[in-house]
Amino acid sequence: MSLYKMNILLSSGLAKAMNFTSNIASLVTFIILGHVNWTIGLTMGVCLMAGAYLGAHSAIRFGAKFIRPVFVTVVVILSVKLAVDAWF
């Protein structure tokens, strides 16, 4: 964010767009290779779209004052989970 002088909302939106692009490339690759579990994939896709919708509307409505604490909380929780998985 600081390297390109972007605020947290813009960088979050850009990260979502890049994630979507990489997911499409992965999906095409797995379809070509024939390694797709359509039931799980479609379920995950619907849940992902619902979460993205709620997240985008929350970001637009509440702004950076809402996004920053949520982001930090999620990063801390994931860090603790990874540490517990690695050490125990």
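Considering segment 3-24 alone, what residues qualify as being among the small types (G, A, S) and closer than 18 Å to A59 by Cα? Step through it out loud before you land on a result.
Within segment 3-24, the first condition is being among the small types (G, A, S), and the residues that meet it are 11-13, 15, 17, 22.
Within segment 3-24, S11, S12, G13, A15, A17 qualify.
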Counted residues in segment 32-51 being over 27 Å from G13 (Cβ atoms) and surrounded by 10 or more Cβ atoms within 10 Å (Cβ to Cβ) come to 2
I'd like to know if segment 66-80 contains one or more residues that are modelled with pLDDT of 90 or more and either more than 17 Å from the chain's Cα centre (by Cα) or outside any helix (DSSP H, G or I) (or both). yes
Quick one: in segment 1-60, of everything that is part of a helix (DSSP H, G or I), more than 14 Å from the chain's Cα centre (by Cα) and of a type in the set (G, A, S), which residue is modelled with the highest pLDDT? A25
For the structure I just gave you, tell me whether A83 is without any contact (Cβ under 8 Å) to a residue 40 or more places away in the chain and either in a helix (DSSP H, G or I) or loosely packed, with under 10 Cβ neighbours inside 10 Å (or both). yes
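The values are calculated or read from the model by the stated rules, or taken from the named source; none is laboratory data. If you're wondering where the values come from, they're calculated on a predicted model, not measured in any experiment. Note: ideal-geometry Cβ built from the backbone for every residue, glycine included; neighbour counts use all protein chains shown.
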